[in-house]
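J.: Here's a structure for you.
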Amino acid sequence: MISTFSILSVEMAATYDGTQLTNFGIMGDNACNMGFLPILGVQQDASCWEDMMGSKTAILFGCNYAETNMQEMHFLFDAQEAGMTLVVVDPRFSRTAAKADWWIPIRPGTDAALVLGMMNHIVSIEAVDEEYIRTYTNGAFLVDTSTGALVRIDGDYAVWDEGEGVAVKVAAVPDDMKPAYPSVTVSGELPENTQVPESAALYGEFTVDADGGSVTAKPAFQLLVESLDEYTPEAASEICEVPAEDIIRLAEMYVNDTPARLHVSQGTNRYWNGHLPTRALCQLAAITGNIGKQHANINWAGGTLMRFLFSLGPSSLSPREGHGASALPGSQWYDLVAAQQPHPIKFLWTQNYGWGTQGPDRNKLINEVLPQLDFVVVSEQMMTPGAELADLVLPITSYYEEDFQVVPAWSSMYIQVRDRAISPQWEAKTDYEIAQMLAERFGILEETEWRLDAKEYARIHLFEENLAPEFSTMDFDELCEKKVLAANFSDNYVAFESMRFATPSGKIELYTESLVEFGEQLACFYEPLESNRKEKADTYPLTFMNCRTVYTTHSQHAPLAWIREVAPEPWLEISPEDAQERGIETGDVVEVLNDRGSYKVKALVTSEIKPGCVNQRQGWWPKDFVEGTHYSSLLHMELNPAQDAISETNYSPYDNLVEVRLA
């Protein structure tokens, strides 16, 4: 049984009818996607960075581009020089916050409450765009107040026509007229029966003759307004610890200093409720008419990387005809292997996964999961903490030794190819070469797509067969010659410009019928799983975060000698208030602990972090900490039912309570 994590691993598992463990949830990168999906029908999207020139306001939630996306920071600086106001919402005074015009420190995991408070005020001052809501969202669609289901008449949606005094039908946009994510291409004029009448009600309560009988119904936007009642700026302030006057100021800045853009990223993503801020931001942008608008929008990642992965054709993931992998959720892999359910997994092969430092609950991994495995293979460039847990380590080439590699971008519209810079050292092979060698050893090489060299495989399966014309129409030979090309999206790309959406209705779905059972049919807020306002905080009062650092990409570069010259050792960031309460000074060795584990590290007392929080820069290996301990022993992997209904629970490494004491 082969169980693996990367895209190439999917292809390997498919070749041998193995088990593929999905990677989006366990990576901790999936929550923002799950905020986008219900309302916009896509995993992520963003306008091009050049579109920022022309914005008057940019509000960033959990975005630390100055450390994690440095190549794009010049766009922010250019826009600021042109007059844009930059606002950063973050519990930490990050490098990006240091460059902002306004830093808003917030209680971790409560961004959604802040946004709901902004919407409450925007509704109260009548600054919503009713025409936009009626035309481009399902805000006018009637909802059965007794069941939460959208009202249907003859299978179509229904709105209340105030001019006619009767409910009328609105059809869903035909599937072939919606963009097929990740493509944004659309064609044809929308049929008249998909248009919402100009006289459709956004407010009120009505009795409607619907499929199944007479029902009492309200427009979805009426329910949205009612859902905001409890989130006055004062009430939201009590939750998120941002002053009510600042919530009001931010809301009025967003609707008055326009065009105004919203950005969301990983800082909000890595909490158990991490999908809620993105969902709320999408709703905020929608009710103010900012989705699909130049210099505005809701922006999350949006580059070629995820688009490319989601548009790979079936044959690219099935190298051996008639064979395929069975998928299991990677966010549950500890429990599945420990229980050997739903079927036994005795052989594990990991590629491109730093499971020795980047995963949850290290003690559970070592004590409950590993004993159930008979053999573990790790493909790695160096002897990482994960490689040390393996029975067999396969030496993998570095980027410089790769013969050919396609490199999409996280947040730009470019694609690169990388050629070999140096010959492979010693016995190192590429992951692709290992796949070829294994197929040859099994005697199946010629019946699989592994028979192609890496470049030809990319030409055929990654580009020519790509499901998105924005990639399939690229000139592969030109890409190989020039090394970098923009994918064939429009110049000065504006996300959602077509105003058609891959949702059931084809509109922005303010109201999500499929999430009624979870109480998440509209944007909402609930506390993080390990909120510092829950009973557990009586024992473990501090929210533990482990943010990225400029010095390493996750754990890849932490051991490099040059990096150690500027970042010689790990430290725990703690506020002066929390440090003083515990008698801690900079340089003291402290123990960070909770009911799952503990580790020891030196303290750094800094006013750059909000009281009530601590932060351990991620990526350090166990050998870097006092007594070989590691912070991953503190981190949980609890499932969120609503997230599993949308996609897959997102690993939440920032949503953990701890105590800190002198060691």
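The values are calculated or read from the model by the stated rules, or taken from the named source; none is laboratory data. What you are looking at is a predicted structure, and each value in this text was computed from that prediction instead of being measured. Positions of Cβ are backbone-derived with ideal geometry, glycine not excepted, and every protein chain shown enters the neighbour counts. Accessible surface is based on the protein model in full, side chains and every heavy atom, while ligands, DNA and RNA are left aside. Shrake-Rupley method; radii C 1.70, N 1.55, O 1.52, S 1.80 Å.
J.: Taking the stretch 514-540 on its own, how many of its residues are closer than 17 Å to H275 by Cβ, in a helix (DSSP H, G or I) and either open to solvent by less than 60 Å² (accessible area, probe 1.4 Å) or not acidic (D, E) (or both)? Break it down into steps so the answer makes sense when it comes.
T.: Of the stretch 514-540, the ones closer than 17 Å to H275 by Cβ are 514-531.
Next cut, in a helix (DSSP H, G or I) only: 514-518.
Now restrict to residues that are either open to solvent by less than 60 Å² (accessible area, probe 1.4 Å) or not acidic (D, E) (or both): 514-516, 518.
Of the residues in that region, 4 qualify.
J.: State which residue is farthest from N466 (Cα to Cα) when the search covers only the stretch 158-177 and only residues that are open to solvent by less than 30 Å² (accessible area, probe 1.4 Å) and within 31 Å of the chain's Cα centre (by Cα). Walk me through how you get there before you give the answer.
T.: Applying the first criterion (open to solvent by less than 30 Å² (accessible area, probe 1.4 Å)) to the stretch 158-177 yields 158-159, 161, 167, 170-171, 173, 177.
If we keep only those that are within 31 Å of the chain's Cα centre (by Cα) as well, we get 173, 177.
Details: V173: 25, M177: 19 Å.
Here the residue is V173.
J.: Go through (1) surrounded by 18 or more Cβ atoms within 10 Å (Cβ to Cβ); (2) at pLDDT below 95 and name the single condition D211 misses.
T.: (1)
J.: Here's something else I'd like to know. Of everything in the stretch 415-439, what is open to solvent by 30 Å² or more (accessible area, probe 1.4 Å), closer than 29 Å to A46 by Cα and modelled with pLDDT of 95 or more? Give them in sequence order.
T.: Residue satisfying the conditions is Q416 alone.
J.: Just one of the numbered conditions (1) out of contact with any Leu (no Cβ under 8 Å at 6 or more places or on another chain); (2) farther than 19 Å from C282 by Cα; (3) crowded, with 19+ Cβ neighbours inside 10 Å is not true of M34; which one?
T.: (2)
J.: Now for a different question. Is it the case, given these coordinates, that A79 is more than 20 Å from T553 (Cα to Cα), outside any helix (DSSP H, G or I) and modelled with pLDDT of 95 or more?
T.: Details: more than 20 Å from T553 (Cα to Cα): yes; outside any helix (DSSP H, G or I): no; modelled with pLDDT of 95 or more: yes.
Against the criterion (more than 20 Å from T553 (Cα to Cα), outside any helix (DSSP H, G or I) and modelled with pLDDT of 95 or more), A79 does not qualify.
J.: Another question, if that's okay. With under 22 Å from the mean Cα position of the chain (by Cα) and more than 24 Å from V115 (Cβ to Cβ) as the only criterion, which of Y540, Y493, Y511 stands out?
T.: Numbers: Y540 fails: under 22 Å from the mean Cα position of the chain (by Cα); Y511 fails: more than 24 Å from V115 (Cβ to Cβ).
Only one candidate passes the filter, namely Y493.
J.: Can E573 be described as open to solvent by 60 Å² or more (accessible area, probe 1.4 Å) and touching a residue at least 24 places away in the same chain (Cβ under 8 Å)?
T.: No; evaluated as a whole, the condition is false for this residue.
J.: Of A97, A113, which residue is open to solvent by less than 20 Å² (accessible area, probe 1.4 Å), touching a residue at least 40 places away in the same chain (Cβ under 8 Å) and not in a strand (DSSP E or B)?
T.: None of the other options fit; the residue is A113.
J.: At least 2 residues that are more than 27 Å from the chain's Cα centre (by Cα), farther than 17 Å from I125 by Cβ and of a type outside the set (G, A, S) in each: list the strands (runs of 3 or more DSSP E) lying fully within the stretch 196-289 that qualify. Quick ask: steps written out before the conclusion?
T.: Values: elements: 206-210, 213-219, 260-264.
Where strands (runs of 3 or more DSSP E) fall fully within the stretch 196-289 and carry at least 2 residues being more than 27 Å from the chain's Cα centre (by Cα), farther than 17 Å from I125 by Cβ and of a type outside the set (G, A, S), they are 206-210, 213-219.
J.: Could you tell me which numbered condition S227 fails, if it satisfies all but one of (1) touching a strand residue (DSSP E or B) at 6+ places or on another chain (Cβ under 9 Å); (2) modelled with pLDDT of 95 or more?
T.: Every condition holds for S227 apart from (1).
J.: If you don't mind, another one. Which residues, taken from the stretch 474-498, are within 27 Å of I133 (Cα to Cα) and open to solvent by 30 Å² or more (accessible area, probe 1.4 Å)?
T.: Selection gives S490, N492, E497, S498.
J.: Test of understanding: among F442, F404, F489, F501, which residue is modelled with pLDDT under 95, farther than 28 Å from T553 by Cα and among the aromatic types (F, W, Y)?
T.: Residue meeting the stated conditions: F489.
Matching residues to (1) of a type in the set (G, A, S); (2) assigned to a loop (DSSP other than H, G, I, E, B); (3) more than 17 Å from C547 (Cβ to Cβ):
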position	(1), (2), (3)
P559	no, yes, yes
Q580	no, no, yes
G583	yes, yes, yes
T586	no, yes, yes
V592	no, no, no
N615	no, no, no
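J.: Just to be sure I understand, how many residues within the stretch 149-178 are touching a strand residue (DSSP E or B) at 6+ places or on another chain (Cβ under 6 Å), under 14 Å from A217 (Cβ atoms) and assigned to a loop (DSSP other than H, G, I, E, B)?
T.: Number satisfying all stated conditions: 1.
J.: Return the pair list, or none, for Cβ contacts closer than 8 Å from residues in the stretch 365-377 that are within 13 Å of A390 (Cβ to Cβ) and at pLDDT 95 or above to residues that are of a type in the set (S, T, N, Q) and not in a helix (DSSP H, G or I), at least 6 apart or on different chains.
T.: If the second residue must be of a type in the set (S, T, N, Q) and not in a helix (DSSP H, G or I), the pairs left are V376/T350; V377/T350.
J.: Which residues, counting only those in the stretch 455-473, are surrounded by fewer than 19 Cβ atoms within 10 Å (Cβ to Cβ) and aliphatic (A, V, I, L, M)?
T.: I460, L467
J.: Just checking, which of N297, N290 is within 23 Å of Y136 (Cα to Cα), touching a Lys or Arg at 6+ places or on another chain (Cβ under 7 Å) and either without any contact (Cβ under 8 Å) to a residue 40 or more places away in the chain or buried (at least 24 other Cβ atoms within 10 Å of the Cβ) (or both)?
T.: Numbers: N290 fails: touching a Lys or Arg at 6+ places or on another chain (Cβ under 7 Å).
None of the others qualify; the one that does is N297.
J.: Residues to consider are E530, E565, E581, E585; find the one that is touching a residue at least 40 places away in the same chain (Cβ under 8 Å) and charged (D, E, K, R).
T.: Values: E565 fails: touching a residue at least 40 places away in the same chain (Cβ under 8 Å); E581 fails: touching a residue at least 40 places away in the same chain (Cβ under 8 Å); E585 fails: touching a residue at least 40 places away in the same chain (Cβ under 8 Å).
Testing whether each residue is touching a residue at least 40 places away in the same chain (Cβ under 8 Å) and charged (D, E, K, R) leaves just E530.
J.: Does P371 fit the bill of being open to solvent by 10 Å² or more (accessible area, probe 1.4 Å), in a loop (DSSP other than H, G, I, E, B) and over 24 Å from I646 (Cβ atoms)? Walk me through it before giving the result.
T.: Working: open to solvent by 10 Å² or more (accessible area, probe 1.4 Å): yes; in a loop (DSSP other than H, G, I, E, B): no; over 24 Å from I646 (Cβ atoms): yes.
Taking the combined requirement at face value, the residue does not satisfy it.
J.: Could you list, in sequence order, all residues of the stretch 116-128 that are farther than 23 Å from T543 by Cβ, touching a residue at least 40 places away in the same chain (Cβ under 8 Å) and small (G, A, S)?
T.: We begin by selecting, within the stretch 116-128, every residue farther than 23 Å from T543 by Cβ; these are 119-128.
Checking the rest, the ones that are also touching a residue at least 40 places away in the same chain (Cβ under 8 Å) come to 119-123, 125, 127-128.
Within the stretch 116-128, just A127 meets the criteria.
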